[in-house]
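What follows draws every value from the coordinates through simple rules; no lab data is involved. The shown structure was predicted, so the numbers you read here are calculated from the model rather than taken from an experiment. Reconstructed Cβ throughout: ideal geometry from the backbone, glycine too, with neighbour counts over all protein chains shown.
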Amino acid sequence: MARLKAFDEDKAIDAAVDCFWARGYEATSVRDLAQRMGIGCPSLYNAYGDKRALFVSALERYADRSSRERIARLEGSGRPREAIATFFAEIIERSLNDRARRGCLLVNSALDVAPHDAGIGNVVAGYLDEIRAFFRRNIVAAQAAGQAPAELDAEEVSGHLLGVLLGLRVLARTRPDRKTLEAIARPALRLLEPKTKRRPRRSP
């Protein structure tokens, strides 16, 4: 019979997320994690294997409670173009309210960990692909509803939107200024606006 774990797994993994998020992967030790999670090092190894495996679990938890939660909520609105715009608006608000300037754990990991660990790089890339797929689906839906230009290449623009999003998250850690962040997002979102018909000039 499997041995029951003697700690609250939800609280423990949330604590691990906070620890990795605050310190970064390399600077976080197993002892740091055990102390933050309120468990002993042996229990950590028994439950998760090692620091790397725990980090992968922490990334999954973070994705579930950030990007995936946001995607499910916004996509359920049935307003595809507004869903993308609101996604960016919420990211900007979150960045501005990030007093510790921790940024996004996924983006931080893409910069700090992925170049040195191909396996984790693939994991992070998968989560970023989910965000890009959200953009792509909603571009296509907006086009079908006549709310976005039909000639847009959804694959190309979804990649552009992801690039803008990553840039926002990085820039916000050094310059969390609303005017700057909104100015960066605005041209990208303008691509999705339907073209307005020009009024014919009146004869003099």
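A few comments on the model shown:
- The calculated P(r) of segment 55-101, using every Cα pair and 10 Å bins from 0, goes 25, 44, 28, 3 in percent.
- The HN-Hα couplings worked out from phi for segment 145-153 by the Karplus form 6.51 cos²θ - 1.76 cosθ + 1.60 (θ = phi - 60°) are 8, x, 9, 9, x, 5, 7, 5, 8 Hz, whole numbers, x standing for Gly and Pro.
- Only Lys, Arg (+1) and Asp, Glu (-1) charged, at Cβ; segment 9-58 dipole about Cα centre in debye: 140 debye
- Each principal axis of the Cα cloud of the chain was taken in turn, and the coordinate range along them, longest first, works out to 85, 40, 28 Å.
- Placing unit charges on the Cβ atoms only, positive for Lys and Arg and negative for Asp and Glu, gives the chain a dipole magnitude near 1100 debye about its Cα centre.
- Taken over the Cα atoms of segment 9-58, the convex hull encloses 58 Å³ per residue.
- If you take all other residues with their beta carbon under 15 Å from the beta carbon of Ala114, and give Lys and Arg +1 and Asp and Glu -1, the sum is -2.
- Under the shape rule built on the C-alpha gyration tensor, where the axes satisfy a ≥ b ≥ c, segment 121-204 is oblate, since a/c reaches at least 1.5 while a/b does not exceed b/c.
- Rounded FRET efficiency, nearest 0.05, which uses the C-beta distance separating Ala118 from Arg73 and R0 of 22 Å: 0.10
- Tyr45-Arg65 FRET efficiency (beta carbon distance; Förster radius 22 Å; 0.05 resolution): 0.35
- Between Glu75, Glu93, Glu151, the Gaussian network model of the chain with springs among Cα atoms under 10 angstrom shows the greatest mean-square fluctuation at Glu151.
- Helical segments meeting 15 Å axial Cα length and Kyte-Doolittle -0.5 threshold in the chain (DSSP H): 9-23, 51-65, 80-96, 118-144, 154-174, 178-190
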